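Reading through the structure tokens given below for one structure.
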Amino acid sequence: MQQYSQSLHNDAHSVILVTAGYDNTIRFWEALSGICSRTIQHADSQVNRLCISPDKTVLAASGKNANHSVKLYDINSTNGNPFVTFGEHTGNVTATGFHGEGRWMYTASEDGHLKIWDTRAGRTPVLTRNFDNGAPINDAVMHANQGELITCDQNGSVKIWDLTAHACTHELVPEEGVPMRSVSVASDGSMLVAVNNKGNCYVWKMSDMTSEPCDIEPLHKWSAHSDYILRCVLSPDTKLLATCSADKTVKLWNTEEGFKLEMTLTGHQRWVWDCAFSADSAYLVTASSDHVARLWELSQGETIRQYNGHTKAAVCVALNDLSVGYT
């Protein structure tokens, strides 16, 4: 905690921590004090996902609004209105993210479409590619090489989309007909993790995605929770896998020891929807239906801060505490 505290005092903007949920608000937090420093009204819908741009200047919020869109907010402005709204989906937007150098964004939706948006032309993203997944998409993440996107869907498929080939190059179906809820890719591109509604977790070893043909092989499978798994996230150092569940817990699995259960984080009173690791993989922030977000210190597995303020379920969290962002 002392190291984390020192980084906060060195730079007031070194940590961007944001939560959102069913109360139609987006809340910015002072990570160390637990004080809510700013609240944005997201009046027309709940917020499903949050993402902070690599340079820490833009917050993307996807929701279940009438336009099925993503709203972009200026993090450094006091203006509570989005500076642009885009998306053009016909269903709930379930995932969004930024290219590592801010050149483009992606959006994924329950309408079954994965879209790529050029963000270089101006403040309004321009649609450049539209992939038809053929089933509602529940999650999407970017591969470390910035050239592939991975989706999981309601039909039970995990797909890898090659942005250069403009095509789906791999389809993995671990349990046909069982919705895959979340996916995560290691920061070094070495493994892919996906979880489903039955509480099962699947891991694949990934070869260098630049090689032809790319090799993906099953590595591990286990029953991680007795209820829905709502999110899975690999730590930046790739040593831990966090799984958030409807069973009110978050479990940490050791990727270097055959995904042995490292610890179970207990304290939330309802479903745990989302989590985010700190850049050094030493801390985890979680968001829950109990209206509360928590900051956990992982060496002891203890809550060291609670973020109270949401009046309904907190279902998404975004954290960026990297000392240097893209410029």
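Tabulated data for the structure shown
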quantity: Sorted peptide list for 298-307, 177-186, criterion being average Cβ within 10 angstrom, highest first; calculated: 177-186, 298-307
quantity: Mean accessible surface per residue for the chain, computed with a 1.4 Å probe while every protein chain stays in place, in Å²; calculated: 41 Å²
quantity: Two-site label geometry, Ser37 and Ser226: point separation in nm, points 7 Å out along Cα→Cβ; calculated: 4.2 nm
quantity: For the chain: rounded, prolate or oblate by the Cα gyration tensor [a/c cutoff 1.5]; calculated: rounded
quantity: Contour excess over end-to-end distance, with Cα ends at Asp162 and Glu256 and 0.36 nm allotted per residue; calculated: 31.0 nm
quantity: With every protein chain in place, region 254-327: carbon and sulfur % of accessible area (1.4 Å); calculated: 46 percent
quantity: Length-normalised contact order for the chain - Cα pairs under 8 Å, 6+ apart - percent; calculated: 13 percent
quantity: Probe 1.4 Å - accessible area at Asp237, Å² to nearest ten; calculated: 60 Å²
quantity: Spherically averaged projected area in nm², based on the convex hull that wraps the Cα atoms of region 123-279; calculated: 10.3 nm²
quantity: Exceeding the 26 Å Cα-Cα cut-off - candidates Lys115/Lys198; Lys64/Lys205; Lys64/Lys312; calculated: Lys115/Lys198; Lys64/Lys205
quantity: Calculated Rg and Dmax of region 230-327 using C-alpha coordinates, Å; calculated: 13.1, 41
quantity: Three-way shape label, region 131-183, alpha-carbon gyration tensor, a/c 1.5; calculated: prolate
quantity: Kirkwood Rh and Cα Rg combined as Rg/Rh, region 25-84; calculated: 0.96
quantity: Surrounding net charge for Cys201, when Lys and Arg each add one and Asp and Glu each subtract one, Cβ distance under 11 Å; calculated: +4
quantity: Region 49-127, relative contact order [Cα under 8 Å, separation at least 6], %; calculated: 23 percent
quantity: Over the chain: helical MRE at 222 nm, DSSP H runs n ≥ 4 each giving -39500 (n - 2.57), nearest 500; calculated: -1000 deg cm²/dmol
quantity: Protection proxy ranking, peptides 73-81, 100-108, average beta carbon neighbours within 10 Å, highest first; calculated: 100-108, 73-81
quantity: Shape category assigned to region 171-253 from the gyration tensor of Cα positions, a/c cut at 1.5; calculated: oblate
quantity: Per-selection Kirkwood Rh - region 232-286 (Cα, Å, 1 d.p.); calculated: 11.2 Å
quantity: Residues of type aspartates and glutamates that Lys221 reaches as a straight line, Cα spacing below 18 Å, ignoring anything fewer than 8 places off in the same chain; calculated: Glu171, Glu175, Glu176, Glu256, Glu257, Glu262
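The values are calculated or read from the model by the stated rules, or taken from the named source; none is laboratory data. As the structure is a computational prediction, the values presented were derived from the model and not from experiment. No Cβ is skipped: glycine too gets one built from the backbone with ideal geometry, and neighbour counts run over all protein chains shown. Surface areas here come from the heavy atoms of the whole protein model, side chains and all, with no ligands, DNA or RNA. Shrake-Rupley method; radii C 1.70, N 1.55, O 1.52, S 1.80 Å.
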